[in-house]
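Report on the following structure.
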Amino acid sequence: MATPTLDQFFASVADIVKSRDGVKLQDFLQIEPPLPDIYRQMTNELRQHYPSGPREGDLLRRCEGLVPKFKGSSWTAFSTFMKLYFTFLRDVNVDNLLETYDLLKTLVNQCVLALGDSQMGVIVLPTVLYLSKVLAKLAMGLDRRPELIAHLLRLDGRSNQDETAEKVTLVEKSANVVREAFIKCLTDRSGTPGIHGKPEGKRIGIYLMANLCLKLLFQCGKLRNAEQMFASISAQSPPLKYFPASQRVTYLYYLGRYLFANNLFYPAQIALQASYDQCHRQALSQKRAILTYLIPCNIILGRFPTLQLLQRPEAEGLGDKFIPICRLIARGDYIAFREHLAVGSTQTEWFARKGILLPLRTRCEILVWRSLARKVFIHGGFHGDSQGQSRGPPPFLYLSKLEIAIQWIQSQHTASAQQAYGFFAPRPELDAQAGNNRVGSQIVYKQLDWDFEGVNELDAQEALPGPSLIAKYADYLAPDGYFDAQGQWQANSAGNMVDGQPSADYKQFELDPYASRPDLEPEDGKPTLMMREIESILASLLTQGLMRGYLTHKNPRLAIPGARLRGALPTGFPNVWQTIYSRESEDDNVPGWVQPPVAAAIPSAGGGRVVNLSGARPVGVQ
Amino acid sequence: MSSTQPQDKAEPSQQPQQQQQKSSVLEEDDEFEDFPVEDWPQEETEQGATANGTDAHLWEESWDDDDAAEDFSKQLK
């Protein structure tokens, strides 16, 4: 029997390879259903003539004929790949997605090997990209349907006994395959490589592959694996600006998110803003995705989104999410701010899912404290001599006023929690009760550790000593033995209670070597616990440059010297964004973003800038 | 293998249901979609659209709340 369709296909592929037409080759090597009729005919011919088994050798020999022989070397990886392509068509059963995934992964792996050929590899670049995209789609689809891979998870997990062993998901496995292709593209030695090069040869695929790999790494939450990719790109890629806009925008989006996730908010802001600026103006979905990270990044750096931005179509709904946070930061009510971004509430689920909840919570609270300190200064501070002539004291704020304001905020929240009733009453705002803490923070509520549970709180109904009680007073409460009423020694090996009441307060019988406890009992003139904490918060604001001035520890005050020209408020509480910007913009370099080399870099006095490449390692080295 | 063992069934069949519900929420717009076109000139970008307008005011640097009336102010006197 003849194989007319297959013969024709072979002839066409041979021509395509000869003419090195990679795009056409990819167009021929379809795998995704629904496939045109001609592929079904070809599949039938394959099943009849080249069934699984010894006849596959014949198929491979036919595939070897597809590659032109030159200088004694032949592109065997491509022959093997083509054979795998045919057996894929022959065997694939798309009803079994997991099996399809395995077949496809083998196929992509082989295609990446074919890509590695220095002369011919570039021909399969579009095919590698196409197959990788299908593989990524399949892996991410399977990831969302855990019932299909449940048995795999069980096998991998070895009945969940070894929880510490890291499980490699299908998505991560796919990312690893795509990374191999990325490395092949990046390390192409033809033409001019590196920063002085242009996207040519396999290098045109650098960002296509990187973006696909990053998409998969973000999907499976393995951001750390991206670090090596960014380092390799910094070391070996041609400048990003020479690549098409879609690749630039996508890459800068992922790079920005990566930097954001690593708390490098300033470079993240540059990358995300560039991604937004270069995005096609009609690409609303992408612009919205960029804004989802660009907005919190700016908030953390002290810049809030304007209505003009939030009213754009791509920002629809984002205002409802971010404006309340901005208002709370400006308001200075730290308890309301914490409650608003409480972990686990339904309102914050969106933030948590996007991975921006914790950065916002932890990074913006200092801005809330700045607002509070600023407001208290406005209303309760000494603003200096209004004449500006006399040599009076500089503007200052007694920190006791800040303490009063904090206590007032705490009391307001306690009251509001008490007023609420019913099933949907908000849970009591625990931070509001922190001012009653006998030890530790007066601003962050912390449940007492049971190890330090008070003796008084033991349940008297159950006449059983608690473990903390026994640990301390076992020699009295449950000794090894005792003399009974007849004067006979009774052993007490079971450790039962012999004497005393577990509910009694034994603390008063303890010897206390300390005559006084200054940390517990504030004495006259000594700062309270809360004052200590206020000092440390303000010290943090001062060291970050978010406030200017100095603290006095005795008779605690914040003093704002040098305010005569600009006034106390702008001097003591400078603009947050401008402060951060002037500090960070000294280095506008964004790691992972390759810029064109500066024309004619003449070494200036001082030797010019030193580029630190200590973090850059060769590609492929983990 | 274990997938055919009936005693294993109870748990795994419940888990996927829960996770499916979760994943339907997850799919909202979490992915960065591929662009339908590969390249475009600067005029078609966000920046190009507002090029004549460096007046595009996207970020507010001055947001300090200077409202005179503050509930706690009377506490400070």
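For region A:203-218, backbone phi angles converted through the Karplus equation (6.51, -1.76, 1.60; θ = phi - 60°) give residue-by-residue couplings of 5, 5, x, 3, 7, 4, 6, 4, 5, 5, 5, 5, 4, 5, 5, 5 Hz, Gly and Pro being listed as x.
In peptide A:573-580, what is the residue-averaged number of other protein chain Cβ atoms found within 10 Å of each Cβ?
On the way: counts 1, 0, 4, 4, 5, 2, 0, 0.
That average works out to 2.
Taking other Cβ within 10 Å of each residue's Cβ, how do A:K401, A:K18, A:K554 sort, fewest first?
On the way: A:K401 21, A:K18 11, A:K554 7.
Fewest-to-most ranking of A:K401, A:K18, A:K554: A:K554, A:K18, A:K401.
Under the simplified labelling scheme, the A:Q578-A:R47 pair shows an inter-label distance of 7.5 nm, with each label point 7 Å from Cα along Cα→Cβ.
Averaged over the residues of A:247-253, the number of partner chain Cβ atoms lying within 10 Å of the residue Cβ comes to 2. In terms of other Cβ atoms within 10 Å, A:T76, A:T43 run from fewest to most in the order A:T76, A:T43. 3J(HN,Hα) along region A:117-125, derived from phi through the Karplus expression 6.51 cos²θ - 1.76 cosθ + 1.60 where θ = phi - 60°, amounts to 5, 5, 8, 9, x, 4, 5, 8, 4 Hz, with x in place of Gly and Pro. Around the amide H of A:G384, modelled in the peptide plane, lie the amide H atoms of A:F396, all under 5 Å away and 5 or more residues distant in sequence or on another chain. Based on the alpha-carbon gyration tensor of region A:200-286 and its eigenvalue square roots a ≥ b ≥ c, which shape applies: rounded if a/c is under 1.5, prolate if not and a/b is larger than b/c, or oblate? Judged from the Cα gyration tensor, region A:200-286 comes out rounded (a/c under 1.5). Put simply, when A:220-230, A:106-116 are sorted by average Cβ atoms within 10 angstrom per residue, most first, you get A:106-116, A:220-230. Averaged over the residues of peptide A:212-225, the number of Cβ atoms from other protein chains lying within 10 Å of each residue's Cβ is 1. Starting from the Cα gyration tensor of region A:124-243, take the square roots of the eigenvalues, sort them a ≥ b ≥ c, and report rounded, prolate or oblate (rounded when a/c is under 1.5, otherwise prolate if a/b is larger than b/c, else oblate). Cα axes put region A:124-243 in the prolate bin.
Percentage of Cα-Cα pair distances in region A:16-115 greater than 16 Å, rounded to whole percent? Beyond 16 Å sits 61 percent of the P(r) for region A:16-115. Amide H contacts under 5 Å for B:W59: A:T306, restricted to partners 5 or more places along the chain or on a different chain, H placed in the peptide plane at 1.01 Å from N.
Given the peptides A:50-62, A:481-493, arrange them by the average over their residues of other C-beta atoms within 10 Å, most packed first. Present the calculation step by step, with values, prior to reporting the outcome.
Details: A:50-62: 13.2, A:481-493: 8.9.
Highest mean packing first, the order is A:50-62, A:481-493.
Under the shape rule built on the C-alpha gyration tensor, where the axes satisfy a ≥ b ≥ c, region A:535-584 is oblate, since a/c reaches at least 1.5 while a/b does not exceed b/c. Close amide H partners of A:R557, meaning residues 5 or more places away or on another chain with modelled amide H under 5 Å apart, are A:L399, A:T552.
All other residues with a Cβ under 12 Å from the Cβ of A:A139 taken together, and with Lys, Arg as +1 and Asp, Glu as -1, what is their net charge?
Values: positive: A:K105, A:K133, A:K137, A:R144, A:R145, A:K173, A:K215; negative: A:D102, A:D143, A:E172.
Computed value for this residue: +4.
Any read-out appearing in this document is the output of simple, stated calculations on the displayed coordinates, not a laboratory observation. Predicted, not measured: the structure shown is a model, and the values here were computed from it. Virtual Cβ from ideal backbone geometry, glycine too; neighbours counted across all protein chains shown.
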